[in-house]
1. Highest first, please rank the peptides 105-113, 132-140, 81-89 by the mean number of other Cβ atoms sitting within 10 Å of their residues.
2. Translational diffusion coefficient, Stokes-Einstein: compute it for region 70-115 using the Kirkwood radius over C-alpha pairs as Rh, at 37 °C and 0.692 mPa s, and state it as an integer in µm² s⁻¹.
3. Compute the label zone of K115 within region 40-57: residues whose backbone N is under 19 Å from the point 7 Å along Cα-to-Cβ.
4. Need the full-extension length gain, D107 to F62, defined as separation in residues times 0.36 nm minus the C-alpha distance. One decimal, nm.
5. Which aspartates and glutamates, if any, have their Cα less than 15 Å from the Cα of K115, not counting same-chain residues under 8 positions apart?
6. Determine which residues of region 95-121 fall in the zone a paramagnetic label at I12 would reach in this model, i.e. backbone nitrogen under 17 Å from the point 7 Å along Cα→Cβ.
7. Multiplying the sequence separation of K126 and I78 by 0.36 nm and subtracting their Cα-Cα distance, what value in nm do you get?
8. Taking 0.36 nm per intervening residue step and subtracting the Cα-Cα distance, what contour gain separates Q146 from R90 on full extension?
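Here, each number is a calculation from the coordinates, and none is a lab measurement. Because the structure is a prediction, the values reported are computed rather than measured. Cβ atoms come from the backbone with ideal geometry, glycine included; neighbour counts cover every protein chain shown.
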Amino acid sequence: MTKVKTPPANRIYDVDGYWLRAACVCVKDHSENEVLLITSSSRADKWIVPGGKMELNEAPEFCAMREALEEGGAVGRIGRYLGTFDNDDRRHRTKVFVLFVQRLEDDYEDKDRRKRKWFSLEEAQKVLCGFKPIQAKYLVALKQTQSNSNETSTSDTLSPSQSEQKNCKM
């Protein structure tokens, strides 16, 4: 299967001009100690969290689940909302959710261009810090909300400071 990229004209933007995206932190089980990462489509040696653009009239939760399936073959149950994360440089605004993975499909859309791998939470954070520090912040939110996992996080939009992005000290 070949993934078709949506032209910029078909992207959905909010009132602030941010491109709307959604992502899933895919966890192996309710201990939330292992996270599924996928390789970047542009840099096969770099790992990322599955996520992508929202489609017209698509709920963020469904977008996040769709992206996890298309990019990593992850099928599961959507969990709590971790927050909205801004990437001011790229003008992205990403709503992030937990996905409790029930199975990994062998045949999925990006299987020929992406690898997938389970990482410990700590290792995933280190890997993301080097390439996608904003995505490392998703894992900080995961850790911070673990004790309150029965409550839905309604935190404001999160944006790591420049020092956090540079040093990934989260």
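1. Details: 105-113: 13.9, 132-140: 22.0, 81-89: 18.4.
Packing order, densest peptide first, comes out as 132-140, 81-89, 105-113.
2. 265 µm²/s
3. The answer is 40-51, whose backbone nitrogens lie closer than 19 Å to the label point.
4. Numbers: separation 45, 0.36 × 45 = 16.20 nm, distance 1.97 nm.
The span from D107 to F62 would gain 14.2 nm if fully extended.
5. D45, E67, E70, E71, E105, D106, D107
6. Hits in region 95-121 for I12 at 17 Å: 95-97.
7. Values: separation 48, 0.36 × 48 = 17.28 nm, distance 2.46 nm.
Here the segment from K126 to I78 would lengthen by 14.8 nm.
8. Full extension from Q146 to R90 adds 17.3 nm.
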